[in-house]
Amino acid sequence: MPNSKIGGHYSQAYDEELQQAVARLMQMAELAQQQLVDALTAFTTADMKLAQQVKDFDRRVNNFEVDIDEHCLDILARRQPAASDLRLVLAVLKSINDVERIGDLAKRIAKALLKEEPDSRPATSQLDALAQMGQKVLQMLQRALASFEQMDAEAALAVLREDKAIDDDYARILQHSLNSMMHDAQQISVSLQISQVAKALERVGDHGRNICEHAIFLSLGRNVSHLSDEELQQVVDKKRS
């Protein structure tokens, strides 16, 4: 994910330390996204080596979180930022927690393959459904991070609404898995595995939504984590007017 916009967008409002906090967040997010891509690829293609790599590389995402957290706490302690500077630091601190969880969920998907029982691969149709859901999740996550980087509340609002489509995909996959288990006991293991991966993807969508809420907080100075979509729209519209 390019960071070229960071320097130009924030150069007049934030100093180098604050710019670096955002840059590191984007680097961490890029790594977590690649982990998710690799985990989905491993699961849908039964690539055990790639799945093990995703599991082993999870520590790199965790190390990023610790590094950024310490960087932000150092800014708070030494500079005592106020107003928009303080919002930026707080938004980064909130976002690294969501990105770290996305890395954990990628590892969970990889471990679902590593624990797979012999001769229990999901059907092609099930794998296709997961792959399609995964693409929606990745696209949402990329756009959520872009809205944060650009401090664009309107874009963030549009992106977080995409979470509904991901929830719908999860509901369909879960229902199909339940039906399979009810009609064929031999499908229980595979269906549980599919449900576990779909749930992990649904949770990634939730974290993408959280990042959008952090972007709105950064842009407008409003904590919107418990507002409905309609209330969020009112907040954004009021700011625009």
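Key figures for this structure:
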| quantity | calculated |
| --- | --- |
| Residue list for the stretch 41-64, filter: within 18 Å of residue 204 (Cα to Cα) and either polar (S, T, N, Q) or under 14 Å from the mean Cα position of the chain (by Cα) (or both) | 41, 44, 61, 62 |
| Of residues in the stretch 22-40 being surrounded by fewer than 24 Cβ atoms within 10 Å (Cβ to Cβ) and within 13 Å of the chain's Cα centre (by Cα), the one farthest from residue 121 (Cα to Cα) | 26 |
| Subset of the stretch 147-189 (residues that are touching a helix residue (DSSP H, G or I) at 6+ places or on another chain (Cβ under 8 Å), at pLDDT below 95 and among the hydroxyl-bearing types (Ser, Thr, Tyr)) | 177, 180 |
| Answer from 159, 204, 224, 190 - the residue that is free of Cβ contacts under 8 Å to residues at least 12 places away in the same chain and open to solvent by less than 40 Å² (accessible area, probe 1.4 Å) | 224 |
| Odd one out for residue 101 among (1) on the phi < 0 side of the Ramachandran plot; (2) open to solvent by 40 Å² or more (accessible area, probe 1.4 Å); (3) of a type outside the set (Gly, Ala, Ser); (4) over 10 Å from the mean Cα position of the chain (by Cα) | (4) |
| Meets criteria (part of a helix (DSSP H, G or I) and either touching a residue at least 60 places away in the same chain (Cβ under 8 Å) or under 25 Å from the mean Cα position of the chain (by Cα) (or both)) for residue 175 | yes |
| Test: residue 165 is small (Gly, Ala, Ser), surrounded by 16 or more Cβ atoms within 10 Å (Cβ to Cβ), within 17 Å of the chain's Cα centre (by Cα) and assigned to a helix (DSSP H, G or I) | no |
| Test for residue 85: is it out of contact with any strand residue (DSSP E or B) (no Cβ under 9 Å at 6 or more places or on another chain), within 17 Å of residue 29 (Cα to Cα), in a helix (DSSP H, G or I) and acidic (Asp, Glu) | no |
| Which listed residue, of 78, 24, is modelled with pLDDT under 95 and part of a helix (DSSP H, G or I) | 78 |
| Top-ranked residue of the stretch 111-153 - restricted to ones that are crowded, with 18+ Cβ neighbours inside 10 Å and of a type in the set (S, T, N, Q), ranked as nearest to residue 176 (Cα to Cα) | 126 |
| Residue that is β-branched (Val, Ile, Thr) and touching a Pro at 6+ places or on another chain (Cβ under 6 Å), where the choices are 190, 159 | 190 |
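The values are calculated or read from the model by the stated rules, or taken from the named source; none is laboratory data. Here the structure is a predicted model, which is why all the values come from computation and not from measurement. FYI the Cβ positions are ideal-geometry reconstructions off the backbone, even for glycines, and counts take in every protein chain you see. Please note that ligands, DNA and RNA were not included when accessible areas were found on the heavy atoms of the full protein model with its side chains. Shrake-Rupley method; radii C 1.70, N 1.55, O 1.52, S 1.80 Å.
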